[in-house]
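Below you'll find the structure, written out as structure tokens, and then a few comments.
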Amino acid sequence: MEIMLYIIVGVVGIIIGGLITGTVLNRTLERKRDALLKEAMGKAEVIKKEKILQAKEKFLQLKAEHEKYINEKNSELGNSENRFKQKESALNQRIEEFSKKQKEVSTIKQNLNNQLEIVNKKQGDLDATIKQQIDKLETIATLSAAEAREQLIETLKEEAKAEALMQIKEIVDEARLTANTEAKKVIIETIQRTASEHAIENTVSVFNIDNEEIKGRIIGREGRNIRTLESLTGIEIIIDDSPDAIILSGFDPVRREIARQSLHKLVTDGRIHPARIEEVVAKTRKQIEQEVIETGKRICIDLGIHNLHHELIRMIGKMKYRSSYGQNLLQHSIEVANLSATMAAELGLNPKKAKRAGLLHDIGKVPDNEPELPHAVLGMNLAEKFKEKPEIMNAIGAHHDEVEMDNLISPIIQVCDAISGARPGARREVVDAYIERLNHLEELALGYPGVVKTYAIQAGRELRVIVGADKVSDAEANQISLDLSKKIQTEMTYPGQIKVTVIRETRSISFAK
């Protein structure tokens, strides 16, 4: 029983002790919390005061800056207002001056009108006096004023025309004396120092065969071989009764060459069927393309032309298979390049630029696209596309006067192109067109009054005109020569130049009896 009592007392003591301890702890924690809260409130008050001070300082700073900005704007506004007032004052002053000048002009105008009325009155009196004098002169001379004026004008016109013809003749003779010697020297030396070979290209190529059996193999069963070959090459293959020959017809020389070499390989190999034809044509086309590039590179190396765009090199190689009036385009371009370099060296210019422009002057004839453009303009566009120099571009575009020349190399290219194309035997003409050109040349001269006979000689490069001595004077013969040369330039198309010679022969005949 006592044990239980002790236990109860102990438990109660423990409980009471715990309560006392909890109470003490709570009071301690409350005191600490109050202390911490009081300390935090103090710190917060300090921070608040600091922030308020910072805000006041910032406000004062912003206020000072704003007042400074306002003062500056007010100053600028004041300056602008002063300037405006000055301008307004100046404008008012100018308006006043203008008003004064306007009044002065009005006064001067009024004076001029008065003077003009006086002048008109005097002019009328003068006209009446002149008319009276003219009437008296007509009565005395029995000739009207209009007739006298016409006679005077006609006399002056004839005198001026004769004097002008004499001056023209003197100027032309003087120009020939001073210019022909040097020009002939340069051109002759250029031609003598340049030699080249020429080839004639046609629109057809002939492929020779050993026997007639090969024709049947080329045609194939139901014509499948020849159809395949024509579709792949774009060339018309003509197999007729011609012995031991097949004709390849087409306007593109490169395609004709591909067809010719392909036929040669097929005939040599002996296997001729559509699949084999496709294979051989593809290989031949690659071979020709490579040959074109190699030809272009070789020509550039031979001529000493460097840094040329690879596409221009390919076009130069394709010139080998092009022709112009029967003259091989590549040989013509090489000849023009050499002629141009020689002539440029003789004249003290850059021969390398001249040689480059001479080689590229007909590059516009190679592409098949843009046929509506002249080949000179197309060549100039290609040169511009591939970053050629302005002198080269202008020389290419101006060698047929399509564009205006702006450097000294351009006329050299034009002259050398004419030398290469106009040389006898360089180009081939159709006979009918040639005869028609000669007849047209003679008919142009026959249309002039006083012309007795005309002769087109030297393959149409010279026109001799014989005039009647009793119908045409020396001055009129010179005029006919000038007019006829200009008419030929405007109405005819011809290579090179045409010399016009007017012959006036005076014969004195007497008889001894």
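When segment 293-311 is examined, which residues are found to be buried (at least 23 other Cβ atoms within 10 Å of the Cβ) and either modelled with pLDDT under 85 or in contact with an Asp or Glu (Cβ under 9 Å, 6 or more places away or on another chain) (or both)?
None - no residue of segment 293-311 is buried (at least 23 other Cβ atoms within 10 Å of the Cβ) and either modelled with pLDDT under 85 or in contact with an Asp or Glu (Cβ under 9 Å, 6 or more places away or on another chain) (or both), so the list stays empty.
Only one of these conditions is not met by Ile272: (1) open to solvent by 10 Å² or more (accessible area, probe 1.4 Å); (2) assigned to a helix (DSSP H, G or I). Which number is it?
Here Ile272 clears every test but (2).
Could you tell me whether any residue of segment 384-399 is small (Gly, Ala, Ser), touching a Ser or Thr at 6+ places or on another chain (Cβ under 8 Å), closer than 21 Å to Arg255 by Cα and touching a residue at least 12 places away in the same chain (Cβ under 8 Å)?
Checking segment 384-399: not a single residue is small (Gly, Ala, Ser), touching a Ser or Thr at 6+ places or on another chain (Cβ under 8 Å), closer than 21 Å to Arg255 by Cα and touching a residue at least 12 places away in the same chain (Cβ under 8 Å).
Output yes when any residue across segment 125-136 is open to solvent by less than 60 Å² (accessible area, probe 1.4 Å) and modelled with pLDDT under 70, and no when none is.
So far as segment 125-136 goes, no, none of its residues is open to solvent by less than 60 Å² (accessible area, probe 1.4 Å) and modelled with pLDDT under 70.
Name every residue in segment 483-498 that is under 20 Å from Asp401 (Cβ atoms), touching a residue at least 24 places away in the same chain (Cβ under 8 Å) and either touching a Cys at 6+ places or on another chain (Cβ under 9 Å) or surrounded by 14 or more Cβ atoms within 10 Å (Cβ to Cβ) (or both), in order of residue number.
Within segment 483-498, Lys487, Ile488, Tyr494, Pro495, Gly496, Ile498 meet the criteria.
Please go through (1) at pLDDT 75 or above; (2) surrounded by 14 or more Cβ atoms within 10 Å (Cβ to Cβ) for Ile246 and return the number of the only condition it doesn't satisfy.
(1)
With the condition kept exactly as written, say whether any residue in segment 61-69 is small (Gly, Ala, Ser) and at pLDDT 85 or above.
yes
Every residue in segment 407-437 that is open to solvent by 30 Å² or more (accessible area, probe 1.4 Å) and at pLDDT below 65, please.
Arg423, Pro424, Gly425, Arg427, Arg428, Glu429, Val430, Val431, Asp432
Scan (1) open to solvent by less than 10 Å² (accessible area, probe 1.4 Å); (2) under 19 Å from Ile392 (Cα atoms); (3) not polar (S, T, N, Q) for the single condition Ala259 breaks and write down its number.
(2)
Tally the residues that are open to solvent by 90 Å² or more (accessible area, probe 1.4 Å), more than 24 Å from Met166 (Cα to Cα) and modelled with pLDDT of 85 or more, restricting the search to segment 447-474.
Selection size over segment 447-474: 2.
Among the residues of segment 14-41, write down those that are open to solvent by 90 Å² or more (accessible area, probe 1.4 Å) and of a type in the set (Gly, Ala, Ser).
Across segment 14-41, there are no qualifying residues.
Any idea which residue in segment 493-513 is modelled with the highest pLDDT, counting only those that are under 19 Å from Val415 (Cα atoms) and in a loop (DSSP other than H, G, I, E, B)?
Among those residues, the one meeting the criterion is Ile498.
Please go through segment 298-351 and give me each residue that is among the basic types (Lys, Arg) and more than 17 Å from Ala383 (Cβ to Cβ), ordered by number.
Arg298, Lys320, Arg322
The values are calculated or read from the model by the stated rules, or taken from the named source; none is laboratory data. Quick caveat, the model's predicted, so the values are computed rather than measured. Don't worry about glycine lacking a Cβ; one is built from the backbone with ideal geometry, like all the others, and counts go over all protein chains shown. Areas reflect the complete protein model, heavy atoms only, side chains present, ligands, DNA and RNA absent. Shrake-Rupley method; radii C 1.70, N 1.55, O 1.52, S 1.80 Å.
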